[in-house]
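Quick note: the coordinates plus some simple rules give every number you see, no bench work behind them. Values in this document were obtained by computation on a predicted structure and should not be read as measured data. Please note: Cβ atoms are built from the backbone with ideal geometry, for glycine as well, and neighbour counts cover all protein chains shown.
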Amino acid sequence: NAGVTQTPKFRILKIGQSMTLQCTQDMNHNYMYWYRQDPGMGLKLIYYSVGAGITDKGEVPNGYNVSRSTTEDFPLRLELAAPSQTSVYFCASTKVRLAGSYEQYFGPGTRLTVT
Amino acid sequence: GQQLNQSPQSMFIQEGEDVSMNCTSSSIFNTWLWYKQDPGEGPVLLIALYKAGELTSNGRLTAQFGITRKDSFLNISASIPSDVGIYFCAGQWESGGGADGLTFGKGTHLIIQP
């Protein structure tokens, strides 16, 4: 298993440009998540999905969109990039252990700079 | 929203020393997780805790889920150079039947002097 993979690893965008961050997992996990990590901070949840066709907002969803057409893929879309979106983005998926208990596994991250 | 206070913010220790860090929350959690993040990498799961009072070990690492469900600690015994990194606690409260995301602490930066 490759686990959770993310592309690209690095990207520089100009203000107002758009892009899609790709995330794929090969563990057949139903639940997937997008987080952002700002310098010296923990991770904050942007969006999550509990299965194909179902998405929901997290703590910081403004400026982002997601879709979940397959179990494996959970892309994150930035439509009008702003400097405040400069961050490291992590995708994660969850292995369900017990009802109400979840272990999340993370990808290597995408480092995005908006200038 | 839920807040996690993780301490200490950073630790400078000698190789071979034991390490202790903790997290406290204003809310209760169903699950506590401890992650380690190396520079330029994603967080890697170290230990997962599911029941209040649970004490779990993973090699030199030991973590406990507090009885009140509002705190957790992580101990590392006999530290070695590869223990260097940032350690994050994370809590999860599943509400409404959905798999809500994790709430993260701000991390403890562990630096080991040989």
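Hey, in the GNM for chain B with a 10 angstrom Cα cutoff, which one of B:G42, B:G85, B:G53 fluctuates hardest? With Cα springs under 10 Å in chain B, the top fluctuation among B:G42, B:G85, B:G53 is at B:G42. Here the Karplus curve 6.51 cos²θ - 1.76 cosθ + 1.60, taken at θ = phi - 60°, turns the phi angles of the stretch A:12-24 into couplings of 10, 10, 8, 4, x, 6, 10, 6, 10, 8, 9, 9, 9 Hz, with x standing for Gly and Pro.
At q = 0.07 Å⁻¹ the log10 of I(q)/I(0) for the protein assembly as shown amounts to -0.22, computed by Debye summation with a single uniform scatterer per C-alpha, solvent ignored.
Label-to-label distance, A:K57 versus A:K14, with points set 7 angstrom from Cα along the beta-carbon direction: 3.1 nm.
Once C-alpha pairs closer than 8 Å and six or more residues apart are averaged by separation and normalised to the residue number of the stretch A:28-101, the relative contact order reads 36 percent. What is the calculated FRET efficiency for B:S57 to B:S7, with r their C-beta to C-beta distance and R₀ = 22 Å, to the nearest 0.05? My answer for the efficiency is 0.50. Only lysine pairs 8 or more places apart, or on different chains, with alpha-carbon atoms under 26 angstrom apart are counted in the protein assembly as shown, and they number 27.
Taking only the alpha carbons of the stretch A:1-94, we obtain Rg and Dmax values of 12.7, 37 Å in that order. Between the amide H of A:L43 and those of B:F104, distances stay under 5 Å, these residues lying 5 or more places away or on another chain, with hydrogens modeled in the peptide plane. Build a GNM of chain A with springs between Cα atoms under 10 Å apart, and of A:V88, A:V50, A:V60 the one that fluctuates most is A:V60. Note on A:E79 and A:N30: with the Förster distance fixed at 30 Å, the Cβ-Cβ geometry gives a FRET efficiency of about 0.65.
The alpha carbon radius of gyration of chain B, expressed as a multiple of 2.2 N^0.38 Å, is 1.04.
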